[in-house]
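Scroll down for the structure; my scribbles are underneath it.
The values are calculated or read from the model by the stated rules, or taken from the named source; none is laboratory data. Bear in mind the structure is a predicted one, so any value in this text is a computation, not a measurement. In this analysis, Cβ positions are derived from the backbone assuming ideal geometry, glycine residues included, and neighbour counts consider all displayed protein chains. In case anyone asks, the SASA skips ligands and DNA or RNA and just uses the protein heavy atoms, side chains included. Shrake-Rupley method; radii C 1.70, N 1.55, O 1.52, S 1.80 Å.
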Amino acid sequence: MVMKRFVDLWMLWYSQSCSNLRLLNLNYCTSITRLPDSMGQSLQELRLVNCKKLEMLPPSIQHLKGLTFLDLRGCTSLKALPDSVGALPNLKDLSAYNCTSLQALPTSIGHLSSLETLYIGANPGCQISSEDIGSGSAWTRLWQLQLENCCGLGSRLDYDAMKSLTILSLKDSALTELPESMGKLIRLRFLTIQCERLQCLPNAIGDLKMLVFLTLTQCLNLTRLPKSLGAISSLEHIAIRNCPVRKLPKSLGSLSKLRRFWIRDCKNLQKLPSSIRFLRSLQDFEFVNCGSREAKGASSTGLQDLLECGALGTLKIQDSTFTEVVESLGQSVPLDQLAVGCERLQWLPNSFGYLKRLLILELARCLHLTRLPKNLGAITSLERLTIRCCPIRKLPRSISLLSQLLELKIIGCKNLEKLPTSVRKLLSLLMFKLKDCGSIEAMGALTTLQGLPIWGSTSITKLPASLGIVSTLIVYSNSSFFYGYRSSSYDTLQVLEEDDSGFLKACQHKVSGKLALLRGVH
């Protein structure tokens, strides 16, 4: 039963029709301030999401012996839970996330022996202790636990008793350490830690033999990782973001199943361990905004060792300090996706041409990159090419050899003067996007194009005669665009959008009856 308004609710509850009510959904009933004492003893699910004015739950909630699901997310006026909540013998799911006024949890909550999922997001100043809830020793069935701003509660729980715990998320600015008993979580597969004051991880983390995902975010006092991390042979995904770790343990090279490794905004991390070359299962690696502001080559960070990982398929390097990319990049790994965003990067190695399996290439904010390798066209497998905010002056003629290219995006390349005539040979190209490329004056013939979005201050005044087969055309802010175009055929054009280019007025009398959508965009 879903009710959006708090209308005649008291009468409804006292009527005979509610005696067998099993589901009550009052989500987003923002006018509710309290609930009646009687809600029917057959109730199994009570949903109160975003009841922002709800101040309390009635003590009589203990009579709902069949209640299995209680959702209080977003009840921002709720200051406490009644002690009678602990008398719900069948409660399996309790969620009180984003209850920003919540100041305490009742002692009885530690007695909920049927509890399977617990999600508490309280006020940062709440007063909760493990003594209050009995260290959660009764939570033997709990498989998902998420605590946010719970006054360091995560460091005082009895993890030894939580044999079923599979997902653990701790986001607490008051938490400074984690107990060694965390290593007893033998079924734990997902671990997320976001604790500003946390200084170290317990050595017992190496005993988490079923852990698959490890995420460390904004642990602003975490300067090192334990060597035992390399003992988690099941680990497949590591994400470290905005943590001041100075170095990674060499033992990481023992993680034989690691497939994804993402490192972002770790300013103190200067170099990857040489043992990273032994990560034979690594498929996806990101190294974004790490290290000091001192200019350096990619090889000095340990990326050269990374390229010896035989399975690496996706590589993202985004660092304002990199001046070069490893010369052997195209000779080492079978990359299919590569993203490079390095402000000081001045050139790309000719080895790019050896990336024979590359499908997606993105170059973004390489503010000193004025040219692309001449043998770019040797990457015949390339399907999507994006060049964003790079001062390149021209594209290499060899681009015509990209026979599989489906999508070409050139965005914010102010110095790009013209496109090579060889562009007409891109026989597979379906989408060509131009944005803020102010110096381009003309385009080659594009015989297979199906979409041509053009934004910004491009000075293009004419299109190729092949426009007749374009099915989607989008034009933004190009005052001189298309007035020089005099083709009489728009037979396949289905969607045409523009803002102030005047193209609509110039071509309305020439479009065929197949045009499904013709409109101005403002």
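Some values worked out for this structure:
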quantity	calculated
Among (1) surrounded by 16 or more Cβ atoms within 10 Å (Cβ to Cβ); (2) more than 29 Å from His368 (Cα to Cα), the one test that Gly310 misses	(1)
Selection from region 185-204 of residues that are farther than 18 Å from Ser173 by Cβ and open to solvent by 50 Å² or more (accessible area, probe 1.4 Å)	Ile186, Arg187, Arg189, Phe190, Asn203
Filter result (at pLDDT 90 or above and either within 20 Å of Cys150 (Cβ to Cβ) or among the polar types (S, T, N, Q) (or both)) within region 63-81	Thr68, Leu70, Asp71, Leu72, Arg73, Gly74, Cys75, Thr76, Ser77, Leu78
Glu327 being over 20 Å from Leu282 (Cβ atoms), more than 20 Å from the chain's Cα centre (by Cα), of a type outside the set (Ser, Thr, Tyr) and modelled with pLDDT under 85	yes
Condition met for Leu367 (outside any helix (DSSP H, G or I), at pLDDT 90 or above and surrounded by fewer than 21 Cβ atoms within 10 Å (Cβ to Cβ))	yes
Some residue of region 379-388 being open to solvent by 20 Å² or more (accessible area, probe 1.4 Å) and hydrophobic (A, V, I, L, M, F, W, C)	no
The one condition in (1) open to solvent by 10 Å² or more (accessible area, probe 1.4 Å); (2) modelled with pLDDT of 85 or more; (3) within 34 Å of the chain's Cα centre (by Cα) that Gly438 fails to fulfil	(2)
Count of region 257-276 residues which are part of a loop (DSSP other than H, G, I, E, B), on the phi < 0 side of the Ramachandran plot and either among the acidic types (Asp, Glu) or open to solvent by less than 10 Å² (accessible area, probe 1.4 Å) (or both)	4
Residue check for Leu165: within 25 Å of Leu91 (Cα to Cα), modelled with pLDDT of 90 or more and open to solvent by less than 10 Å² (accessible area, probe 1.4 Å)	yes
Set Arg344, Arg357: member being assigned to a loop (DSSP other than H, G, I, E, B), modelled with pLDDT of 90 or more and among the charged types (D, E, K, R)	Arg357
Residues located in region 238-247, provided they are closer than 22 Å to Leu335 by Cβ and either open to solvent by 10 Å² or more (accessible area, probe 1.4 Å) or in a loop (DSSP other than H, G, I, E, B) (or both)	Ala239
Only one of Asp207, Asp160, Asp172 that is of a type in the set (D, E, K, R) and open to solvent by less than 20 Å² (accessible area, probe 1.4 Å)	Asp172
Count - residues of region 210-237 that are among the charged types (D, E, K, R) and crowded, with 18+ Cβ neighbours inside 10 Å	1
Scope region 65-90; condition in a loop (DSSP other than H, G, I, E, B) and crowded, with 20+ Cβ neighbours inside 10 Å; matching residues	Leu67, Leu72, Gly74, Cys75, Leu78, Leu81, Leu88
